[in-house]
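The values are calculated or read from the model by the stated rules, or taken from the named source; none is laboratory data. Note that the structure is predicted; figures quoted are calculated from it, not measured. Every residue, glycine among them, receives a Cβ derived from its backbone with ideal geometry; neighbour counts consider all protein chains shown.
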């Protein structure tokens, strides 16, 4: 019985010692966890100060209650400061000073604003590159010396856009501005100037018959639009050919001079009416050593006046009344003879027609006009009695000839490229018995604003004139020259 009682007492003592050991180990574990957490959270300065205190005392036993309280107070102060810093970070209205300004971060320093760049960047695939597994990596490229990346601002802007996009999603109600509202803003230097609103005297406004911001008739200036445009060009060209008297193939030396002038006055109200007027002359002379009677002859002589009045029908088509008159300046004679071939107003030609005009205009490049006159009146006349009228569609013994028929006229001005301009005029007149057709072409090769080379090619077909046996109704004139030119 006594042995049983001793065994029970021994078991109770062992269980008490085991419980005390367990509590001690648990307390040490808790204390170790607190120390570990303190080592992770408290600053290194606090740890160093505590270590110095321990080394100064030289005591390795557990700390007193006063030192523990100071330690926990330091930890609590650190936690409060840490939380305060976090609150400052989350405060979007906090003004932070002492930071060096950098224009790359201007979007973050401006008031909360919606920018287009973050949205475009989010949906952009410009940075995406396909991965092709069967293409080997270029190792030589990596071995080359790499230059410094100069796209720092671009990369910073991408990161800023990401932050702004996150801000738009988290705080959409705080964004009050739009990027369009920032256009035109200027930086403020020095003092901020505030424009005070102008004070209006209500009594004077009530006594004044004129309303505020009202423009009176005397102060109103109306500028009438000018629908007229003027322009033109002029040129003076020459050519020269020298052949010695004993040249083995023969020939003769010649000199030629060619001049021209064009002036235009056009009216266009940009709605219905167009009125075009043009004056043109061409005058050229050439020396004639083989002509024993005349030292020079006129090889190009033309005076032409044309006018068109159009009323818009639809699209680029116009009902058009057109008129054209042409003649020459100087007299021209046969070689080695005083036989007069042509002279001033001999011949003279007048065309008046009614029809439609098609226009295609591309500013500075192409200007096309196609005039179709189903009804056309042509008057041929010869003023001089010495000129043969049969060479100009006039019956023998008459000085005038009236012809009714139809007419087609096309004009083109095309800038082929910067140095080449092509001007063309094609006319076709018929009375359904005979035909008069002309095709004039001028190619201008511009060297600069004042120098150019011109090539004239003039073809003519007229089956209503008298001709020599063996001659053709087709006629051709060509001239190449170089000289001065000017366009205004």
Residue match in the range 263-271 (condition: at positive phi, in the same structural domain as residue 346 (by TED's automatic domain parsing) and surrounded by fewer than 17 Cβ atoms within 10 Å (Cβ to Cβ)): yes
Residue match in the range 381-397 (condition: within 52 Å of the chain's Cα centre (by Cα) and either within 25 Å of residue 476 (Cα to Cα) or in the same structural domain as residue 479 (by TED's automatic domain parsing) (or both)): no
Verdict on residue 278 being surrounded by 15 or more Cβ atoms within 10 Å (Cβ to Cβ), in a strand (DSSP E or B) and free of Cβ contacts under 8 Å to residues at least 40 places away in the same chain: yes
Members of the range 384-405 found to be in a loop (DSSP other than H, G, I, E, B), in contact with a helix residue (DSSP H, G or I) (Cβ under 9 Å, 6 or more places away or on another chain) and within 16 Å of residue 350 (Cα to Cα), listed by number: 399
Count of residues meeting criterion [without any contact (Cβ under 8 Å) to a residue 40 or more places away in the chain, over 18 Å from residue 261 (Cβ atoms) and not in a loop (DSSP other than H, G, I, E, B)] in the range 430-452: 8
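One line per residue, one yes/no per condition, for (1) buried (at least 16 other Cβ atoms within 10 Å of the Cβ); (2) at pLDDT 90 or above; (3) touching a strand residue (DSSP E or B) at 6+ places or on another chain (Cβ under 8 Å); (4) under 25 Å from residue 423 (Cα atoms):
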| site | (1), (2), (3), (4) |
| --- | --- |
| 288 | yes, no, yes, no |
| 297 | yes, no, yes, no |
| 309 | yes, yes, yes, yes |
| 325 | no, yes, yes, yes |
| 353 | yes, yes, yes, yes |
| 366 | no, yes, yes, yes |
| 370 | yes, yes, yes, yes |
| 379 | no, yes, yes, no |
| 393 | yes, no, yes, no |
Residue within the range 290-302 that is under 52 Å from the mean Cα position of the chain (by Cα) and closer than 24 Å to residue 373 by Cβ present: yes
Meets criteria (under 19 Å from residue 430 (Cα atoms) and surrounded by fewer than 16 Cβ atoms within 10 Å (Cβ to Cβ)) for residue 344: no
When residues of the range 107-122 are limited to those that are crowded, with 16+ Cβ neighbours inside 10 Å and out of contact with any strand residue (DSSP E or B) (no Cβ under 8 Å at 6 or more places or on another chain), the one farthest from residue 172 (Cα to Cα): 121
Residues of the range 362-374 that turn out to be assigned to a strand (DSSP E or B) and without any contact (Cβ under 8 Å) to a residue 12 or more places away in the chain, as a count: 1
Residue in the range 420-431 that is more than 30 Å from residue 448 (Cα to Cα), touching a helix residue (DSSP H, G or I) at 6+ places or on another chain (Cβ under 9 Å) and either at pLDDT below 95 or surrounded by fewer than 16 Cβ atoms within 10 Å (Cβ to Cβ) (or both) present: no
Some residue of the range 217-233 being at pLDDT below 65 and not assigned by TED's automatic domain parsing to the domain that holds residue 481: no
Flag if residue 411 is surrounded by 15 or more Cβ atoms within 10 Å (Cβ to Cβ), out of contact with any strand residue (DSSP E or B) (no Cβ under 9 Å at 6 or more places or on another chain) and touching a residue at least 24 places away in the same chain (Cβ under 8 Å): no
When residues of the range 165-191 are limited to those that are part of a loop (DSSP other than H, G, I, E, B) and modelled with pLDDT of 85 or more, the one surrounded by the fewest Cβ atoms within 10 Å (Cβ to Cβ): 171
Candidate set from the range 99-116 (those that are part of a helix (DSSP H, G or I) and more than 12 Å from residue 163 (Cα to Cα)); member that is modelled with the lowest pLDDT: 109
